Amino acid sequence: MSTEGAALKHHPYIMNKVILLNSRPVGKPTTDDFKFIEEENPVTQDGQVLLKTLYVSVDPYLRGRMSSAKSYVPPFELNKPIQSGIIAEVLESKNPDFKAGDCVSGMLAWKELQVSNGKGLHKVDGQVAPLSAYLGVLGMTGLTAYLGLTEIGKPKAGETLVVSGAAGAVGSIVGQIGKILGCRVIGMAGSDEKITMLTSKFGFDVAINYKTTTDMKTAIANAAPDGVDIYFDNVGGDISDAVLANVNKFARVPVCGAISGYNETEVSMGPRVQTILVKNSVLMQGFVVSNYAEKFPEAIKQLAAWLQEGRLTYTETIVNGFDQIPQAFLDLFEGKNEGKMIVKI
Ligand code: NDP
């Protein structure tokens, strides 16, 4: 049997399943914006590895890449495979840097099988942490939480940190790091189950259900009697307007995301922030995690150490099946995930 034959024996697929971008969504994406196709199984060339997808990360930022608007990463192309963070197993290697059985993470296509020249792949060790953790707490969302909070938020013990999207992949880690660094931490999320989880599992001091609270400005003022020193913003919109109305002098606002607006077709208008920023000497800074790429190794080391010491924990919502990838992505906008949303193949 050829090497290819030996490798392909390990998986049951007759044809390779692939998910393409079918149309650019207007407003909220739907399953019609995705297209499933089947293609011939890939054949490994010299210098390449054959990868079998194990875990797929679905992330709110993919919504931005589905539109044609200019951003910090190029848009997905119509009728081409969508890509995201993926953990894959090397089925076959014709690249000296990898061997069959290695597990890797990388930005890969939504395909059951694919070949890669190895560029951008990082080996991950399932003995050190469950493989899915490399898409969350030990991957992009953990890095975003740690670097956004420490580089821009610069928390000091005794300060008050407010986190929106607090029960999600980034927010749940931000809040816990805030506690480790000695802050009083207030989180906002969209269900009573999430609110309970924030205080009981993740150690937040106060959690607010923004969907059942009518006056968010007052709720935050009550939860933060000394005012807000750091606001880690994952959602934008009305929630952020309410937090910004409570900031202290020299507050820092790392702007990580604005999911409340990702499906809007018109630019929404809230209070203009300039007066608040000037009056309180507030630093408000947007960022993308890749700005801090040179700090990734140090950040991962710290996150892994806290995990090992039991000072940091995480949760995941794991959905099963390649066919479920689009729906899992759509469910992010309905708040159906607790912690990191991951599809297991
Ligand atoms: P999450 O795991 O937090 O999942 C998304 C969550 O957003 C949902 O569970 C839901 O929780 C909440 N949500 C959905 N719609 C709304 C809405 N209209 N208003 C308020 N909350 C809403 O995702 P991530 O942790 O991966 O990402 C969080 C944010 O961070 C996103 O904005 C994302 O784009 C951004 N991000 C930025 C990065 C960067 O480099 N700057 C890197 C990674 C992420 P609920 O039930 O509480 O509503």
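The values are calculated or read from the model by the stated rules, or taken from the named source; none is laboratory data. Keep in mind the model is a prediction, meaning the values are calculated, not measured. For neighbour counting, all protein chains shown are included, and Cβ atoms are generated from backbone atoms with ideal geometry for every residue, glycine included. For the accessible areas, the whole protein counts, side chains as well, though only heavy atoms, and no ligand, DNA or RNA atoms are used. Shrake-Rupley method; radii C 1.70, N 1.55, O 1.52, S 1.80 Å.
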- Add +1 for every Lys or Arg and -1 for every Asp or Glu among the other residues with Cβ under 11 Å from the Cβ of E39, and state the total. -1
- Antiparallel bridges, percent of DSSP beta bridges restricted to the chain (to nearest 5): 55
- Can you tell me the relative contact order of region 224-275? Whole percent, Cα pairs under 8 Å, sequence separation 6 or more. 42
- Measuring from label point to label point, each 7 Å out along Cα→Cβ, what is the L277 to Y72 span in nm? 1.6
- Note on the structure: Of 217-226, 48-57, 120-129, 187-196, ordering from highest average Cβ density within 10 Å down gives 48-57, 187-196, 217-226, 120-129
- Item | Value of Rg to Rh for region 16-166 (Rh from inverse mean 1/r over Cα pairs, i.e. Kirkwood) | 1.03
- Item | Largest-first principal axis extents of the Cα set of region 114-234 (Å) | 54, 29, 22
- Only Cα pairs under 8 Å and at least 6 apart count here; give the relative contact order of region 1-138 as a rounded whole percent. 27
- Task: Compute the long axis of helix 169-180 from its Cα atoms, compare it with the longest principal axis of the Cα atoms of the chain, and write down the angle in degrees, 0 to 90, nearest 10.
- Result: 50
- Task: Give the residues of region 37-59 whose amide nitrogen is closer than 11 Å to a point set 7 Å from the Cα of D125 in the direction of its Cβ.
- Result: none
- In Å, what Rg and Dmax follow from the Cα atoms of region 212-284? 12.2, 37
- Item | Accessible-area composition of the chain, carbon plus sulfur, in percent [1.4 Å probe] | 52
- Task: Taking each pair of different alpha-carbon atoms in region 218-345 once, compute 1/r for the pair, average those values, and report the inverse of that mean as the Kirkwood hydrodynamic radius in Å to one decimal.
- Result: 17.5
- Task: Between D241 and A221, with labels modelled 7 Å along Cα→Cβ, what's the label distance in nm to one decimal, could you check?
- Result: 1.6
- If we restrict to alpha carbons, what Rg and Dmax does the chain come to, in Å? 21.1, 74
- Task: Along Cα→Cβ, 7 Å out, is where each label goes; now give me the distance between the ones at A305 and E39 in nm to one decimal.
- Result: 4.3
- Note on the structure: Rg (one decimal) and Dmax (whole number) from the Cα set of region 23-80, in Å, equal 14.7, 44
- Message: I'd like to check one number: the per residue accessible area of the chain, probe 1.4 Å, reported in Å² as a whole number.
- Response: 46
- Item | Mean ellipticity per residue at 222 nm, deg cm²/dmol - from DSSP H runs of n ≥ 4 across the chain, formula -39500 (n - 2.57) | -6500 deg cm²/dmol
- Once you have all Cα-Cα distances for region 265-321, histogram them in 10 Å bins from zero and send the whole-percent values. 15, 21, 28, 29, 7, 0
- Rounded to the nearest 10, the angle in degrees between the Cα long axis of helix 296-308 and the longest principal axis of the Cα atoms of the chain comes to 80
